[in-house]
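Peer 1: Below: one structure in structure tokens.
The values are calculated or read from the model by the stated rules, or taken from the named source; none is laboratory data. Predicted, not measured: the structure shown is a model, and the values here were computed from it. Cβ sites come from the backbone with ideal geometry, for glycine too, and all protein chains shown count toward neighbours.
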Amino acid sequence: MRFLIITHVPHCIELNLYFAYAPYVREMNVWGKYVDEFIIVAPVKDFSNAKIECQYEQPNITFLPISTFDLLSVQNGFKAFLKTPTIIWQIFKAMKRSDHIHLRCPGNIGLIGCFVQILFPQKTKTAKYAGNWDPKSKQARSYRLQKWILSNTFLTRNMQVLVYGKWEGSSKNIKPFFTATYDEADAIPLVTKEVNCSIDFVFVGTLVKGKNPLYAIQLVERLIQKGYPVQLSLYGEGSERIILENYISDKKLEKQIILEGNQSKETLKEAYKQSRFVLLPSDSEGWPKAIAEGMFWGCVPLATSVSCVPFMLDFGNRGALLDMNLEKDVMHIEAILNNQPLFDMMQKKGCDWSRKYTLDIFEEEIKKLLQP
């Protein structure tokens, strides 16, 4: 089977090997076990041996580079207008030669793929919508357009659309799905963590406004001011790093709050094991892997009520849903810190739930999607 991937994820090429963002590549490596060839249509970037990138394991790869674009300014919009016909033609040719079309959405390249796939109603297709599928959420027009096309079973035929969460009113081609990081063999016995001693918080995500890392810092800062022995480690890089560094320095929080940068999967696993809470006050998510990963290793999640997060946290029974009101959220966290049985209950429920979504189960579900 020639399996076509249409994605906006930038790829690196080094010695005829292909690298990209590690969580995405690890997922595609599962698909690659059950197909003969990958045809990848994606942008290219300079090679960087970053800790957050890894290599495709599929040995047979045809890579078709395309230009990337955005619509963030008039100038960029004009450039996009000039680039789009070529990108459409490249995607069309790739779809024509493939046996299975796989779109990665949402994104500008995914949007073009949504339109072009209409011309191939007989081909088997899947789409992974990695963003927030909640029909009531406020989203960019391009995201809403992608969701509308993918949900329209007249325009989009012979396709299974994988989304995070189960949403009322979804069309018949929409399939609730999940993602996974760990194997069943990783599920060692849960270690009970005390909350009457040093209390570690961990934040894992890109340091950008939408993830609200500054709010995470302010939550922990407020707990420090109240006398709790807490500290926060933030894993990730992004445009907000300088702002965060300055805030930490100005508030003299260097001993309690540490910016760890991008780290490997193994380093993150150890951080989860040592932490009591995983913190993600994000404005928008799909399936936040940091939350599921933290729960797998016994962290109690503290996250905003976006996308399928309320379902993941069982509406507050497996963790705390943040209101983005500093005083209210601090009081909510304090209620857990001062109640070891409540923490233990949330920890166990979260761990039990997260360990239902392993790579073993994920692989079985992928195999089903690829069956004729």
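Peer 1: Can you pull out the residues in region 118-175 that are under 17 Å from Ile6 (Cβ atoms), among the charged types (D, E, K, R) and either not in a loop (DSSP other than H, G, I, E, B) or not assigned by TED's automatic domain parsing to the domain that holds Glu27 (or both)?
Peer 2: Listed by number, the residues that qualify are Lys125, Lys128, Lys147.
Peer 1: One residue is enough: does region 292-309 have a residue meeting the conditions among the acidic types (Asp, Glu), in a strand (DSSP E or B) and within 21 Å of Leu234 (Cβ to Cβ)?
Peer 2: no
Peer 1: Please indicate, with yes or no, whether at least one residue in region 340-350 is assigned to a loop (DSSP other than H, G, I, E, B) and either under 25 Å from the mean Cα position of the chain (by Cα) or touching a residue at least 60 places away in the same chain (Cβ under 8 Å) (or both).
Peer 2: Checked region 340-350: no residue is assigned to a loop (DSSP other than H, G, I, E, B) and either under 25 Å from the mean Cα position of the chain (by Cα) or touching a residue at least 60 places away in the same chain (Cβ under 8 Å) (or both).
Peer 1: Scan region 289-302 and report the pairs whose first residue is over 15 Å from Tyr164 (Cβ atoms) and whose second residue is crowded, with 24+ Cβ neighbours inside 10 Å and β-branched (Val, Ile, Thr), with Cβ atoms within less than 6 Å and a gap of 6+ or a chain change.
Peer 2: Qualifying pairs under 6 Å: Gly294/Val278; Cys299/Val278; Pro301/Val278; Pro301/Ile291.
Peer 1: Which pairs do you get when a residue that is in the same structural domain as Pro213 (by TED's automatic domain parsing), found in region 320-338, comes within reach of a residue that is assigned to a loop (DSSP other than H, G, I, E, B) and of a type in the set (Asp, Glu), reach meaning Cβ atoms under 8 angstrom, with the pair 6+ apart or on two chains?
Peer 2: Correct list of pairs: Asp329/Asp323; His332/Asp323.
Peer 1: Out of all the residues in region 210-232, which are more than 15 Å from Ile333 (Cβ to Cβ) and either free of Cβ contacts under 8 Å to residues at least 40 places away in the same chain or outside the structural domain of Ser275 (by TED's automatic domain parsing) (or both)?
Peer 2: Pro213, Leu214
Peer 1: On to the next question. If you scan region 216-231, which residues turn out to be assigned to a helix (DSSP H, G or I) and among the aliphatic types (A, V, I, L, M)?
Peer 2: Ala216, Ile217, Leu219, Val220, Leu223, Ile224
Peer 1: Only one residue in Ala130, Ala180, Ala187 is surrounded by fewer than 18 Cβ atoms within 10 Å (Cβ to Cβ) and among the small types (Gly, Ala, Ser), so which one is that?
Peer 2: When all the criteria are applied, what remains is Ala187.
Peer 1: Looking at Glu285 and the list (1) farther than 16 Å from Lys51 by Cβ; (2) surrounded by fewer than 24 Cβ atoms within 10 Å (Cβ to Cβ); (3) of a type outside the set (A, V, I, L, M, F, W, C), which single condition is not satisfied?
Peer 2: For Glu285, the exception is condition (2).
Peer 1: Any chance you could count how many residues in region 141-174 are surrounded by fewer than 15 Cβ atoms within 10 Å (Cβ to Cβ) and free of Cβ contacts under 8 Å to residues at least 24 places away in the same chain?
Peer 2: Adding up the residues that qualify gives 9.
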